[in-house]
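Enquirer: After the structure tokens below, expect a handful of questions from me.
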2 protein chains.
Amino acid sequence: MDVSKMTVKEFVDEVASKSPAPGGGAVGAVVASLAAALSEMVANLTLGKKKYQEWEGEMERVIETMENIREELCDLARKDIEAFNKFMEVLKLPKETEEQKKIRAEKMQEALKEAIDVPYELARKVRDVIKNAEIVTEFGNKNAVSDALSSAELCRAAFEIAKANVMINLRSMKDEELKKYYLQEIDELEKQVYGSYSRIKEMIEKNGWL
Amino acid sequence: MDVSKMTVKEFVDEVASKSPAPGGGAVGAVVASLAAALSEMVANLTLGKKKYQEWEGEMERVIETMENIREELCDLARKDIEAFNKFMEVLKLPKETEEQKKIRAEKMQEALKEAIDVPYELARKVRDVIKNAEIVTEFGNKNAVSDALSSAELCRAAFEIAKANVMINLRSMKDEELKKYYLQEIDELEKQVYGSYSRIKEMIEKNGWL
């Protein structure tokens, strides 16, 4: 299922349907790509404006980074659906003999790791997007500051969605070492995302930009 | 510009582009429709499950409400782009004679009111969606609780986007009475949205659902 080629209505309809995929994970990736697009738009609306001339280089870097991340996020939405479907396939494996049970349990842990890796990757990309939202809030066109803030709000939501999807899958993970690793990583990313988020909100409030 | 008929990639590309519309407002409406779709999915995944039999009626109501709101939200994305374009048209009106200045100022206030009404309507719809997210969190299939939470997170973000768009336009509004009205309304909606949001987070945490 290639999300990027579906119409907005088709995608929303598919999410709403009885089928669990696409679910929160794929939606999180699309929302993160909208966040990236909004930061890119603010950078685009800043370029060529005399008042913001000294930040042209920064804005060009934001645009390039967001273009790449948007592409990767589209791919991540697809991967999320694939990982989920793979997991559902594993659930259907036979579990009658001891040998079958063992194979099924092993495949389950593999599929689980994949189902965690996708939202974990989403959380990392969201951290990158919100850093760029911070740049366009500080140095970008102030007429579009509500769009910079909107980008940050979507990053916050996409991060929470990514985290929820990591957490729900971690519950069934047996490998305690790996579990600890993911928890630490998510914790670290959370600090970074909320660090940017707080700075964006503070900047806007302190300067009365909104 | 009919957002619902664009592909996801086309919409994201349009947002990212140099043109200020579609911007945060239209994105907020699409994000709110994704929130509604996620709550609807949780209700769909609850229907027909013996364990949740007593909540069938609630789930059916959620599905019907979300179907309607999703349609209205698609329409709101389109209206947001139209309101913005109308505002840009007014900015181009001549302002040489006193008469022209007067007409332009009046038209500006009209266009501004429209540009505020759209995100204000978005905020109201988001309040309705998150009330339904609360219902599916409490009574819906617990295997999909991460999707119920994702719905709530998207509502929170869409509300903040709506609020930012109301605020940025209120800055240029001359009618103090109307300004006061919008501020009070947004404040009231904020209490309701965050009330639902906090209860959802508390429920999930208290019951260890995630």
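Enquirer: Where in the range A:134-171 are there trypsin sites (Lys or Arg not before Pro) that are in a DSSP coil and have at most 14 other Cβ atoms within 10 angstrom of their Cβ?
Expert: Taking the range A:134-171 and a limit of 14 other Cβ atoms within 10 Å, the loop trypsin sites (Lys or Arg not before Pro) found are A:171.
Enquirer: Which residue of chain B is nearest the rotation axis onto chain A, counting by its Cβ, and what is the distance in whole Å?
Expert: B:157, 2
Enquirer: So, one more: Counting Lys +1, Arg +1, Asp -1, Glu -1, what net charge surrounds residue A:94 among other residues with beta carbon under 13 Å of its beta carbon?
Expert: Here the charged neighbours net out to +2.
Enquirer: Another question about this same structure. Gap in Å between the Cα centre of the range B:28-59 and the Cα centre of the range B:139-181?
Expert: Their Cα centres are 20 Å away from one another.
Enquirer: Compute the helix-to-body angle for A:145-170: its Cα long axis versus the longest principal axis of chain A, expressed 0 to 90° and rounded to tens.
Expert: Tilt of helix A:145-170: around 10 degrees.
Enquirer: Follow-up. 7 Å along Cα→Cβ for the label point: how many nanometres lie between residue A:56 and each equivalent label in the other copies, listed shortest first?
Expert: Relative to the other copies, residue A:56 has label-point distances of 6.8 nm.
Enquirer: Also, I was wondering about something else. Please give me the summed charge of the neighbours of residue B:139: other residues whose Cβ is under 9 Å from its Cβ, Lys and Arg +1, Asp and Glu -1.
Expert: Counting the neighbours of residue B:139, the net charge comes to -3.
Enquirer: Got the residue A:113 label distances to the other copies yet, label 7 Å along Cα→Cβ, in nm, shortest first?
Expert: Here the equivalent label points are 6.3 nm apart from this one.
Enquirer: Counting Lys +1, Arg +1, Asp -1, Glu -1, what net charge surrounds residue B:21 among other residues with beta carbon under 14 Å of its beta carbon?
Expert: -4
Enquirer: Top mean-square fluctuation among B:192, B:100, B:184, Gaussian network model of chain B, C-alpha springs under 10 Å?
Expert: Taking springs between Cα atoms under 10 Å, the residue moving most is B:100.
Enquirer: Ratio of the range A:1-62's C-alpha Rg to 2.2 N^0.38 Å, to two decimals?
Expert: Normalised by 2.2 N^0.38 Å, the Cα Rg of the range A:1-62 equals 1.59.
Enquirer: In degrees between 0 and 90, to the nearest 10, how far off the longest principal axis of chain B does helix B:176-206 point, with axes built from Cα atoms?
Expert: Here the helix axis deviates by roughly 20 degrees.
Enquirer: While we're here: For the range B:16-23, in order, what is each residue's ³J(HN,Hα) by Karplus, 6.51 cos²θ - 1.76 cosθ + 1.60 with θ = phi - 60°, in whole Hz (x at glycine and Pro)?
Expert: In residue order, the calculated couplings are 5, 5, 4, 6, x, 10, x, x Hz.
Enquirer: With the label 7 angstrom out along Cα to Cβ, how close does residue B:191 come to the same site in each of the other copies, in nm, nearest first?
Expert: Those label-point separations list as 3.8 nm.
Enquirer: Additional query: Two decimals is fine: what is log10 I(q)/I(0) at q = 0.11, 0.13, 0.18 Å⁻¹ for chain B, from a Debye sum with one equal scatterer on every Cα and no solvent?
Expert: -0.58, -0.75, -1.18
Enquirer: Moving on. Restricting to DSSP loop positions (anything but H, G, I, E, B) with no more than 14 other Cβ atoms inside 10 Å of their own Cβ, which GluC sites (Glu not before Pro) remain in the range A:35-99?
Expert: Here the sparse-neighbourhood loop sites are A:96.
Enquirer: Any idea which of A:20, A:74, A:112 is furthest toward the positive side of the dipole for the range A:1-142, if Lys and Arg beta-carbons carry +1 and Asp and Glu beta-carbons -1?
Expert: The residue sitting farthest along the positive end of the dipole is A:20.
Enquirer: Rank these for me by crowding, A:70, A:127, B:199, going from fewest to most other beta carbons within 10 Å.
Expert: B:199, A:127, A:70
Only the coordinates and a few stated rules stand behind these numbers; no lab work does. Values in this document were obtained by computation on a predicted structure and should not be read as measured data. Cβ sites come from the backbone with ideal geometry, for glycine too, and all protein chains shown count toward neighbours.
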